[in-house]
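Participant: Have a look at this one before I ask anything.
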Amino acid sequence: MAGASTPAVRVLTQAKVAHRVHSYPNDPRADSFGAEAVAALAEQLGVRAAQIFKTLVVELSTGGLAVAVLPVPNTLSLKAAAAALGAPKAAMADKVRAERTTGYVLGGISPLGQKRALPTVIDESALTWDRVLCSAGRRGLEIELAPADLVRLTAAVTAPVTQG
């Protein structure tokens, strides 16, 4: 999508990383933004739901915030995320604190281009795909890129962070 400029897209452009930006209709009243992305993009792009990743902000028991990136259909294991990020425990972050810290609104938080880069863990399943999609920093906007680029640009660790 030409002209879509968010901090996340600018990070990729400046790093000269191959990527594509996809837009889809967004309902601002939706309460499951990831499911909305899957419903709109999986068939349109011919990708599986497990290739579309959501970005969740967690609060570590050490006091800081961090980011967990995992497939939309899966549920985050807070215990596994905390362990991967070197903390005893983790909990979902407060919405206001997550938005203030990342510079993005809930449902549009990208792992890239955050106002303050947070420690990041990406579910290891990302590495099984040649391309993954994640938020481009705005509801209704996704970035398609190689998982290795996502890991490198976020300085992420990879680990199994989903339940079941």
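The values are calculated or read from the model by the stated rules, or taken from the named source; none is laboratory data. The model shown is predicted, which means the values in this text are computed figures rather than measured ones. So basically every Cβ, Gly included, is an ideal-geometry build from the backbone, and we count neighbours across all protein chains shown.
Participant: Pairs needed: first member in region 45-67, under 18 Å from Arg20 (Cβ atoms); second member anywhere, of a type in the set (D, E, K, R); C-beta distance under 8 Å; at least 6 residues apart or different chains.
Facilitator: From region 45-67, the pairs are Leu45/Glu144; Val47/Arg131; Gln51/Arg131; Ile52/Glu142; Phe53/Asp123.
Participant: Pairs please, first residue from region 136-152 and farther than 15 Å from Asp123 by Cα, second anywhere and of a type in the set (Phe, Trp, Tyr), Cβ atoms under 7 Å, 6+ apart in sequence or on different chains.
Facilitator: Between residues of region 136-152 that are farther than 15 Å from Asp123 by Cα and residues that are of a type in the set (Phe, Trp, Tyr), the close pairs are Gly137/Tyr104; Arg139/Phe33; Gly140/Tyr24.
Participant: Is it the case that Val38 is under 14 Å from Leu133 (Cα atoms) and either touching a strand residue (DSSP E or B) at 6+ places or on another chain (Cβ under 8 Å) or at pLDDT 95 or above (or both)?
Facilitator: Yes.
Participant: Can you report the number of residues in region 72-102 which are under 13 Å from Asp123 (Cα atoms) and either of a type in the set (Gly, Ala, Ser) or out of contact with any strand residue (DSSP E or B) (no Cβ under 8 Å at 6 or more places or on another chain) (or both)?
Facilitator: 7
Participant: Select from region 116-153 the residues that are touching a Pro at 6+ places or on another chain (Cβ under 8 Å) and among the basic types (Lys, Arg) and write down the one among them that is surrounded by the fewest Cβ atoms within 10 Å (Cβ to Cβ).
Facilitator: Here the residue is Arg131.
Participant: Moving on. Keeping to region 137-163, report how many residues are over 17 Å from Ala42 (Cβ atoms), touching a Ser or Thr at 6+ places or on another chain (Cβ under 7 Å) and either not in a loop (DSSP other than H, G, I, E, B) or not hydrophobic (A, V, I, L, M, F, W, C) (or both).
Facilitator: Of the residues in that region, 6 qualify.
Participant: OK, next. More than 19 Å from Asn74 (Cα to Cα) and either of a type in the set (Asp, Glu) or in contact with a helix residue (DSSP H, G or I) (Cβ under 8 Å, 6 or more places away or on another chain) (or both): which single residue out of Leu141, Leu127, Leu133, Leu153 fits that description?
Facilitator: That would be Leu153, the only listed residue that is more than 19 Å from Asn74 (Cα to Cα) and either of a type in the set (Asp, Glu) or in contact with a helix residue (DSSP H, G or I) (Cβ under 8 Å, 6 or more places away or on another chain) (or both).
Participant: Is it the case that region 83-98 has a residue that's surrounded by 22 or more Cβ atoms within 10 Å (Cβ to Cβ), in contact (Cβ under 8 Å) with a residue 12 or more places away in the chain and closer than 19 Å to Ala50 by Cα?
Facilitator: no
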